[in-house]
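Data first, discussion second: the structure below is written as structure tokens.
The values are calculated or read from the model by the stated rules, or taken from the named source; none is laboratory data. What you are looking at is a predicted structure, and each value in this text was computed from that prediction instead of being measured. Here the Cβ is made from the backbone with ideal geometry for all residues, glycine too, and neighbour counts use every protein chain on show. Just so you know, the surface numbers come from the protein's heavy atoms only, side chains and all, with ligands and any DNA or RNA stripped out. Shrake-Rupley method; radii C 1.70, N 1.55, O 1.52, S 1.80 Å.
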Amino acid sequence: MSRSSDRSQPLVARSADRGQLLLVTALALAVILVAVALLLNAAIFTENVATRDTTTQGAEAIELRGELVAAVGDLIETENRQGDGSTTNVTDGIEAMGPLVDRERARQGVIANLTRNGSVTPGKLLRWTDPDTHQRFDPTHSNWTLVEGLSDSRAFTLNLSDINSDPGAGNIESNAFGVRFINSSNENATTYFYEDGDQIIVEQATESTDPSQQCAIEHNGKNTTVDLTGDRLSTNSSVVDCYRGLWPDFDPDKIQFRNGEAATGTFAFTVDDGSTPTTDSAVQNTTAVYSAAVDIGYQSSELNFETTVTVAPGEPQ
Amino acid sequence: MTRLRRDRRAVSVTVGYVLMLAIAALLMGTLLTAGSGLIEGQSEQVVDDQLTVIGTQIASNIHEADRLAQVAHADANTSSATGTISLDVRLPQQVAGTGYLVEITGDTIILRSSNPDVNVSVSYPETAVPVSTTGQFTGGDVRIVYETPSAGSPVSAGRLEVEQ
């Protein structure tokens, strides 16, 4: 464009030329700013995701499993204590529970299943013939076998109302009340109980080791419940977990009471159907439900969890 | 004074125009260079952050699956039945507009994007059930699958299969 032609252009046209350049720059800057805004948005979203719990509902699935195991366990124990230990009643109970679980969880947008897996396993419940009356643990003999030929056992509890005082070091094995566990290779472990002031002391010995203290609880003159399979002592005001354990490390084949004259109380023990309990008339052997296998399912939009649990409440860990 | 203002001698429209163009071009160039540099730096940072968050999400879900697998394994050992888990992890297909690759090893999750070139490693504590994957996979949803091994097997005999 010649100088004369530049001069001939109106002022508005020349200003428009400059405007085009500015417009292009402005557009380029706008694109950059939009890109920065998008990146900022991505960064904010990332921070948001980073501070959120993005895991699936694994904890809920485990919680559901725990609730259902506890519910079926309660059903079994209620049938054993208050019913006649009928496997049919437990089967019917589980089948009735299934739709309730499904309906309750459906409100939370989750599909939950509880179904019986196979038949309910029968067992035997061993207690005193008069189960609620406290009596000395020597109905006929000081040392006697409660049950033998055990393959499975659970929920072994003692409720002690009276127990002899500390027999002194060296005399525990011969004088303190104890529960002896013997396996099929004749290895044994014995858990002894004696009173020391206001405390019940629990010691354990094996054939090769002297008694050593496992735990103790203040009984304050009240009855003490010893959960041998659950490794726990309790009174009506306190609970002590025996972390060193009250149950032996091996699977017992035979269980005996030792120095039975040194304690008074009640007991309850659920054993498998194939075991042989004592025929002593002081002990009653009633039909009971040992365990029930159930299928548990949890299905949400992100998680599908299916497991089969054998529910045997109070089985040693 | 008024006369000097009105005097247009020695004033070149062309030189003025060229000067204006040069200054505008310089300004535009500076702004674009600074802007694109800013975008590049920020983009790399955002991709790095997003890959780190995605790696952490995968790690936490692997641990969730591991926890469930241990429960299912303990149940299977007593019931002799089979337990199964299928866990979906919802992940973005792109980070800041670019695709990425995920590779999971025994204790590390490696995430890579090519544009910008970012490489992120997220380590996670060892799981009781070993994690198994087939090479690397592209970004997007991931599924973790588990089936209990035969009854009596140790928990380490099972596998958490991570698949696309």
Being within 26 Å of residue A:313 (Cβ to Cβ), modelled with pLDDT under 90, out of contact with any Pro (no Cβ under 9 Å at 6 or more places or on another chain) and loosely packed, with under 11 Cβ neighbours inside 10 Å, is that true of even one residue in the range A:8-17? no
Strands (runs of 3 or more DSSP E) within the range A:225-317 that include 1 or more residues under 26 Å from residue A:121 (Cα atoms), away from chain B (no Cβ under 14 Å) and open to solvent by less than 40 Å² (accessible area, probe 1.4 Å): A:254-258, A:263-272, A:283-299
Is there a residue in the range A:68-79 that is more than 14 Å from chain B (Cβ to nearest Cβ), open to solvent by less than 70 Å² (accessible area, probe 1.4 Å), closer than 22 Å to residue B:68 by Cβ and within 26 Å of the chain's Cα centre (by Cα)? yes
Considering only the range A:163-195, state which residues are part of a loop (DSSP other than H, G, I, E, B) and hydrophobic (A, V, I, L, M, F, W, C). A:169, A:176
Note down all Cβ pairs under 6 Å where the first residue falls in the range A:120-134 and is within 16 Å of residue A:85 (Cβ to Cβ), the second is of a type in the set (Ser, Thr, Tyr) and not in a strand (DSSP E or B), and they're at least six residues apart or on different chains. A:120/A:87; A:120/A:91; A:122/A:87
Residue that is surrounded by the most Cβ atoms within 10 Å (Cβ to Cβ) [pool: residues in the range B:97-108 that are of a type outside the set (Asp, Glu) and away from chain A (no Cβ under 14 Å)]: B:104
Scanning the range B:74-96 for residues that are open to solvent by 30 Å² or more (accessible area, probe 1.4 Å) and either more than 8 Å from chain A (Cβ to nearest Cβ) or touching a His at 6+ places or on another chain (Cβ under 6 Å) (or both) gives B:74, B:77, B:80, B:92, B:93, B:94
Using beta carbons and a limit of 6 Å, which pairs, at least six apart or on different chains, have the first residue in the range A:175-198 and closer than 20 Å to residue A:234 by Cβ and the second one acidic (Asp, Glu)? A:192/A:203; A:194/A:166; A:196/A:166; A:198/A:218
Being among the hydroxyl-bearing types (Ser, Thr, Tyr) and at pLDDT below 90: is that true of residue A:54 here? yes
Name the single residue that is least open to solvent (accessible area, probe 1.4 Å) among those in the range A:117-143 being modelled with pLDDT under 90, of a type outside the set (S, T, N, Q) and under 30 Å from residue A:305 (Cα atoms). A:120
When you check residue B:64 against the structure, is it more than 9 Å from chain A (Cβ to nearest Cβ) and either acidic (Asp, Glu) or under 30 Å from residue A:291 (Cβ atoms) (or both), yes or no? no
Residue count, the range A:178-210 (criterion: more than 30 Å from the chain's Cα centre (by Cα) and closer than 17 Å to residue A:223 by Cα): 4
